[in-house]
Amino acid sequence: MYKKLLALAILSAGLALAAACGGDDNSTATPAGSGPTVTRSPAPADLPPPDTGKPVTPPMEGPPRQPATARVNYRDLPEWTLPAPQDLPQVPGDAQGAEYRPPAEPKCPDDWQSLPRPVEGFQICYPGDWVIDGHGYVSAGNEDRWYSVGFYLRRDGVEAAHVSLYVLNPFAVPFTYTRDCPHPYQVTFAGQPAVLCPDGPSVPPEVRIITYQLRQGDLDYYVNVVPKLTFDTKSGHYLNEWDKDAEATAIQVAQTFQLVPLYSPTD
């Protein structure tokens, strides 16, 4: 069973970002092709140093989220509208990369571990040399709390890639990976219509971000594949290259995501 993790807390401008543990109280027991061009990073002074394996708090990639100033239903606000799969083009036939074609039926390799989360309605699997970090519930300001988990591959203490998974209801500030995506597509993910962003913007540009966004009823699931760009210590820049093996495994991790029946205490 999964051990309860310590709560995460961040104070910023008088607003708290608090994480409450997720644990066993609600648990049940193809290499990628060439990706999109990644913009070269700005000057070294504008960038953080390479990751050294320190604890993380969500969001684990991309621009920071703004704390909510009032409890609102974000699905009622046009500026927070996310693209629907049926409104997007299908993946081009010549698109290269495993991220573009998730399996019709997600499966967990026999030698991988699984993380079942029936309260959030999903299960996902990961290899034994990956670790879970940033696991729990999060909220900022007046939004409803939302679930977050990150799976990390670190080599010699340095991150090679991670997969993050966020589960939000309509009263939590949405992630805008697919809304702000340059080239979103409709795909079938976990057997359901979903949105794929294969080239999400990264701020600062130190990672590549691939996002699958799936809506089921009141829940939005964001599954992000995030290979870390190579940091050149001589130039002080992140390069337009990354560990392709780590990326391929991260895509495989993301594509083991599957929906499970939502648990209710009355069941």
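The values are calculated or read from the model by the stated rules, or taken from the named source; none is laboratory data. Small disclaimer: the values here were computed from a predicted structure and weren't measured. Using ideal geometry, Cβ is built from the backbone for each residue, glycine included, and neighbour counts are taken over all protein chains shown.
Which residues, taken from the stretch 150-164, are among the small types (Gly, Ala, Ser), in contact with a strand residue (DSSP E or B) (Cβ under 6 Å, 6 or more places away or on another chain) and over 12 Å from Asn224 (Cβ atoms)? Before you say what the answer is, go through the steps one by one.
Within the stretch 150-164, the subset among the small types (Gly, Ala, Ser) is 150, 157, 160-161, 164.
Next cut, in contact with a strand residue (DSSP E or B) (Cβ under 6 Å, 6 or more places away or on another chain) only: 150, 160-161, 164.
Ala160, the sole residue that qualifies.
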Considering every residue within the stretch 29-37, establish whether at least one is over 21 Å from Arg215 (Cβ atoms), of a type outside the set (Phe, Trp, Tyr), surrounded by 15 or more Cβ atoms within 10 Å (Cβ to Cβ) and at pLDDT 90 or above. no
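Restricting attention to the stretch 208-230, which residues are surrounded by fewer than 20 Cβ atoms within 10 Å (Cβ to Cβ) and in a strand (DSSP E or B)?
The first filter runs over the stretch 208-230 and keeps only residues surrounded by fewer than 20 Cβ atoms within 10 Å (Cβ to Cβ), leaving 215-219, 230.
Answer for the stretch 208-230, where residues must be surrounded by fewer than 20 Cβ atoms within 10 Å (Cβ to Cβ) and in a strand (DSSP E or B): Arg215, Gln216, Leu219, Thr230.
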If Pro103 meets every condition in (1) touching a strand residue (DSSP E or B) at 6+ places or on another chain (Cβ under 7 Å); (2) closer than 17 Å to Thr249 by Cα; (3) not in a strand (DSSP E or B) apart from one, which number is that one? (1)
If we keep only residues of the stretch 89-126 that are under 18 Å from the mean Cα position of the chain (by Cα) and of a type in the set (Phe, Trp, Tyr), then the residue farthest from Val225 (Cα to Cα) is Phe122
Give me the pairs, please: first residue somewhere in the stretch 121-150 and among the β-branched types (Val, Ile, Thr), second residue anywhere and at pLDDT 90 or above and surrounded by fewer than 21 Cβ atoms within 10 Å (Cβ to Cβ), beta-carbon distance under 6 Å, and either six or more positions apart or on two chains. Ile124/Leu115
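Just checking, which of Ser202, Ser235 is more than 27 Å from Ala140 (Cα to Cα), out of contact with any helix residue (DSSP H, G or I) (no Cβ under 7 Å at 6 or more places or on another chain) and assigned to a loop (DSSP other than H, G, I, E, B)? It would help to see each step written out before you state the result.
Values: Ser202 fails: more than 27 Å from Ala140 (Cα to Cα).
Answer to the selection: Ser235.
Select from the stretch 158-205 the residues that are aromatic (Phe, Trp, Tyr) and crowded, with 19+ Cβ neighbours inside 10 Å and write down the one among them that is farthest from the chain's Cα centre (by Cα). Lay out the reasoning, then the answer.
So the first thing to find is which residues in the stretch 158-205 are aromatic (Phe, Trp, Tyr), and the list is 166, 171, 175, 177, 185, 189.
Filter once more, keeping what is crowded, with 19+ Cβ neighbours inside 10 Å: 166, 175, 177, 185, 189.
Numbers: Tyr166: 6, Phe175: 10, Tyr177: 10, Tyr185: 17, Phe189: 14 Å.
My answer is Tyr185.
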Restricting to the stretch 119-139, count the residues that are surrounded by 21 or more Cβ atoms within 10 Å (Cβ to Cβ) and of a type in the set (A, V, I, L, M). 2
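Taking the conditions exactly as written (polar (S, T, N, Q), closer than 18 Å to Tyr100 by Cα and at pLDDT 90 or above), does Thr176 satisfy them or not?
Working: polar (S, T, N, Q): yes; closer than 18 Å to Tyr100 by Cα: no; at pLDDT 90 or above: yes.
Criteria not met by Thr176.
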Filtering the stretch 206-247 down to residues that are under 15 Å from the mean Cα position of the chain (by Cα), closer than 17 Å to Ala160 by Cα and not acidic (Asp, Glu) yields Val207, Arg208, Ile209, Ile210, Asn224, Val225, Val226, Pro227, Lys228
Scan the stretch 76-84 and tell me whether some residue there is surrounded by 15 or more Cβ atoms within 10 Å (Cβ to Cβ) and closer than 21 Å to Pro227 by Cα. no
